Amino acid sequence: MKTVDHVDLDRFMGPWYVIANIPTFLEKGAHNAVETYSLNDDGTIATNFTFRADGFDGKTKEYNPKAFVTDKDSNARWGMRFIWPIKADYRIVYLDDDYTQTIIGRQKRDFIWIMARTPTISDADYRRLVAYAESIGYDTSLLESVPQRW
């Protein structure tokens with residue numbers, strides 16, 4: 001699966017709202033999902049993933065995996081470690097020039113995350129991103145919108 005040519009890690013850091021995904025078992029029913037990245041001194045990436053379970057008033061869930069850049073030329077392929085020693089495949093397959101919208105995919109095309117710097121995006125942007133996901137081999141009928149209300 002082709003990734004973007006290059007990711008400026010400093011620009012990529014910060015919060016990303018999950019607009020839609022093919023959810024993992026941890027994310028089913030997530031509301032207000034946000035993934036925040038910060039670069040550690042050793043080059044790893046601290047990740048804070050939070051959401052409300054099953055509704056806007058649901059219990060807050062938080063996960064803190066650590067990411068490892070596995071392709072130093074592009075910075076677009078990471079290993080995301082939730083549980084030692086497993087590093088899950090994490091690929092930045094789309095990133096707009098302004099670093100405001102991104103798509104994270106996996107080689108297996110089993111999970112995908114459409115994310116943005118804002119909690120909502122235009123319908124046109126959403127359709128464009130979904131079409132891109134489909135063009136790289138995803139079954140977009142499995143995509144679920146992630147409710148965001150702030």
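Where a number appears in this text, it was derived from the coordinates with a stated rule and is not lab data. Remember, it's a predicted structure, so these values are computed and weren't measured experimentally. Cβ: placed from backbone, ideal geometry, glycine included. Neighbour counts: every protein chain shown.
Among the residues of region 1-53, the one identified as in contact with a Ser or Thr (Cβ under 8 Å, 6 or more places away or on another chain) and among the basic types (Lys, Arg) is Arg52.
Residues that are outside any strand (DSSP E or B) and among the aliphatic types (A, V, I, L, M) were ranked within region 7-39; the one that is nearest to the chain's Cα centre (by Cα) is Met13. In contact with a helix residue (DSSP H, G or I) (Cβ under 7 Å, 6 or more places away or on another chain), in contact (Cβ under 8 Å) with a residue 24 or more places away in the chain and of a type outside the set (Phe, Trp, Tyr): is that true of Ile103 in this structure? Considered against the rule, which asks whether it is in contact with a helix residue (DSSP H, G or I) (Cβ under 7 Å, 6 or more places away or on another chain), in contact (Cβ under 8 Å) with a residue 24 or more places away in the chain and of a type outside the set (Phe, Trp, Tyr), Ile103 comes out as yes.
Could you please let me know if Thr140 is of a type outside the set (A, V, I, L, M) and either exposed (fewer than 13 other Cβ atoms within 10 Å of the Cβ) or under 13 Å from Val18 (Cα atoms) (or both)? Here the answer is no, as Thr140 does not meet what is asked. When Tyr90, Tyr132, Tyr99 are checked against the criterion of being aromatic (Phe, Trp, Tyr) and farther than 20 Å from Tyr37 by Cβ, Tyr132 stands alone in meeting it. For region 4-51, filtering for residues that are aromatic (Phe, Trp, Tyr) and more than 18 Å from Arg106 (Cβ to Cβ) leaves 2. Inside region 72-97, residues that are in a loop (DSSP other than H, G, I, E, B) and closer than 25 Å to Asp5 by Cβ make up a count of 8. Candidates are the residues of region 83-120 that are of a type in the set (Val, Ile, Thr) and within 18 Å of Phe51 (Cβ to Cβ); the one that is surrounded by the most Cβ atoms within 10 Å (Cβ to Cβ) is Ile114.
Scanning region 40-71 for residues that are outside any strand (DSSP E or B) and among the acidic types (Asp, Glu), we see that the one that is farthest from Thr3 (Cα to Cα) is Asp57.
The set of residues from region 10-37 being surrounded by 14 or more Cβ atoms within 10 Å (Cβ to Cβ) and of a type in the set (A, V, I, L, M) comprises Met13, Val18, Ile19, Ala20, Ile22, Ala30, Ala33, Val34.
Contact list please: Cβ distance under 8 Å, first residue in region 123-138 and without any contact (Cβ under 8 Å) to a residue 12 or more places away in the chain and under 20 Å from Phe111 (Cβ atoms), second residue of a type outside the set (A, V, I, L, M, F, W, C) and assigned to a helix (DSSP H, G or I), pairs at least six apart or on different chains. From region 123-138, the pairs are Glu134/Thr140.
A Cβ distance below 9 Å, combined with a sequence gap of six or more or placement on separate chains, defines the contacts here; from region 54-74, residues that are more than 21 Å from Ile86 (Cβ to Cβ) reach residues that are small (Gly, Ala, Ser) and in a strand (DSSP E or B) in the pairs Asp54/Ala30; Gly58/Ala30; Lys59/Ala53; Thr60/Ala53.
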